[in-house]
Amino acid sequence: MPMKLRTVALAALATLSLAACSSQEDKAAEAKADNLEQQAADTSNEAQEKALNAQADAVEQQAGAADAGATPQNTPDTSPSK
């Protein structure tokens, strides 16, 4: 599967997995993470792609820990760049 397609698919999966969370903070964090993942998919620079995906993962993990939902310990790392 091409890297960009995989990244978009994983972003969609992450969105669906967090759909049950309805707080404004969750929605804002997910939008920020999705934006970072899209930027990662759009770049041809592998180092930048990895950095952006790492940022997206961190945003998602912090948001999960903040609302007692997914925590850094149980949130899967969805980065296709690792």
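The values are calculated or read from the model by the stated rules, or taken from the named source; none is laboratory data. What you see is a predicted model, and the numbers here were worked out from it, not measured in a lab. We place every Cβ from the backbone using ideal geometry, glycine too, and count neighbours over all the protein chains shown. Please note that ligands, DNA and RNA were not included when accessible areas were found on the heavy atoms of the full protein model with its side chains. Shrake-Rupley method; radii C 1.70, N 1.55, O 1.52, S 1.80 Å.
What to note about this one:
- Odd one out for T75, checked against (1) open to solvent by 60 Å² or more (accessible area, probe 1.4 Å); (2) modelled with pLDDT under 65: (1)
- Any chance Q48 is surrounded by 15 or more Cβ atoms within 10 Å (Cβ to Cβ) and modelled with pLDDT of 85 or more: no
- Test result for A66, modelled with pLDDT under 85 and open to solvent by 50 Å² or more (accessible area, probe 1.4 Å): yes
For every residue, the table says whether it meets (1) in contact with a helix residue (DSSP H, G or I) (Cβ under 9 Å, 6 or more places away or on another chain); (2) modelled with pLDDT of 90 or more.
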| position | (1), (2) |
| --- | --- |
| L5 | yes, no |
| L13 | no, no |
| L16 | no, no |
| E25 | yes, no |
| D34 | yes, yes |
| T43 | yes, yes |
| L52 | yes, yes |
| E60 | yes, no |
